[in-house]
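Have a look at the structure below before the remarks.
Laboratory data are not the source of any read-out in this text; all were calculated from the coordinates shown. Everything numeric here is computed off the predicted structure, so don't read it as measured data. Don't worry about glycine lacking a Cβ; one is built from the backbone with ideal geometry, like all the others, and counts go over all protein chains shown.
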Amino acid sequence: MGQIRHFIAITEEIKNHLQFLAESGCPGFDCSKESLEIIRFWGKRVSPHRRQTKAIVSENLEAIRRNLGDCRRCKLSHSRTHIVFGSGNPEARLVFVGDAPGYDEDSGGEPFAGASGELLTKIIQAMKLSREQVYLCNIVKCRPPGTRDPEPGEIRICLPFLKRQLKAVSPEFVCTLGALAAQTLLEKTAPVSMLRGRFYDCMGFRLIPTYHPEDILREKDNLPEYNRLRSSVWEDIKKIMKGLGID
Ligand code: URA
């Protein structure tokens with residue numbers, strides 16, 4: 001609690017100083033009305049339902065994509081074909097976050113395009129939603145070579161973009177898929193089996209971790225484990241459906 005208060009106090013100080021510099025006409029600062037309006041809300045929690053406030057508090061996805069550009073911030077850029085930014089409804093009530101693009105996603109530039117994406121699409125449809133109604137993205141935006149896990153340094157560089165995307169979409173629910181996405185956003189090291197099944201507060205959103213579709217598909221030759229993972233995911237998904245008011 002003390003740490004949070006300390007953080008809010010620092011945010012407040014930075015905010016005031018930037019506002020002072022901007023209003024004094026210092027060059028190098030964006031003094032536009034929109035930016036000053038954003039600074040005014042720093043450190044304050046904004047309800048995701050206050051859409052008109054959201055419009056001035058957060059940047060939009062196009063601006064974040066533009067800022068990402070032809071990203072060369074880490075070595076994943078050396079081997080990638082496409083940046084996989086994210087796709088779906090920019091005002092989604094639910095965002096799914098996976099770990100990293102794989103071969104199919106790297107080839108086409110769209111998240112969840114391969115086998116695990118197919119299973120995710122079925123899960124979304126079982127929720128009586130479509131891929132176009134939710135937003136899909138990953139912890140890192142470029143495929144790690146050989147589809148290895150992204151390294152901590154690669155995650156550290158890419159994460160601010162994901163966080164900005166989450167703020168821009170401002171969903172009610174975030175569902176992380178697999179260990180890496182949950183551990184990264186929750187800043188925890190416990191396995192997904194321990195983290196899953198309950199809601200956490202993350203950046204003001206309700207975040208629920210569940211297994212990755214890939215975790216399920218990996219067990220397709222081990223029927224008891226396959227079924228266990230499937231029903232665990234469905235349990236978690238039903239909690240989100242309840243929260244969204246889908247019965
Ligand atoms: N696995 C992920 O975590 N994300 C994708 O986009 C594809 C596969």
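Residues of the stretch 89-107 that are over 14 Å from the mean Cα position of the chain (by Cα) and within 10 Å of the ligand (Cβ to nearest atom): Gly102, Tyr103, Asp104, Glu105, Asp106.
Candidates are the residues of the stretch 207-241 that are part of a strand (DSSP E or B) and in contact with a Lys or Arg (Cβ under 8 Å, 6 or more places away or on another chain); the one that is farthest from Phe173 (Cα to Cα) is Thr210.
For the stretch 100-117, give me each residue that is under 18 Å from Val134 (Cβ atoms) and part of a helix (DSSP H, G or I). Of everything in the stretch 100-117, those that are under 18 Å from Val134 (Cβ atoms) and part of a helix (DSSP H, G or I) turn out to be Glu105, Ser116, Gly117.
Of the set (1) within 16 Å of the ligand (Cβ to nearest atom); (2) in contact (Cβ under 8 Å) with a residue 12 or more places away in the chain, all apply to Ile237 but (1).
Of all residues in the stretch 113-142, those satisfying the criterion of being near the ligand (Cβ under 9 Å from one of its atoms) and in contact (Cβ under 8 Å) with a residue 60 or more places away in the chain are Ala115, Ser116, Gly117, Leu120. Per the conditions (1) under 17 Å from Pro150 (Cα atoms); (2) away from the ligand (no atom under 13 Å from the Cβ); (3) within 14 Å of the chain's Cα centre (by Cα), the sole criterion not satisfied by Gln165 is (1).
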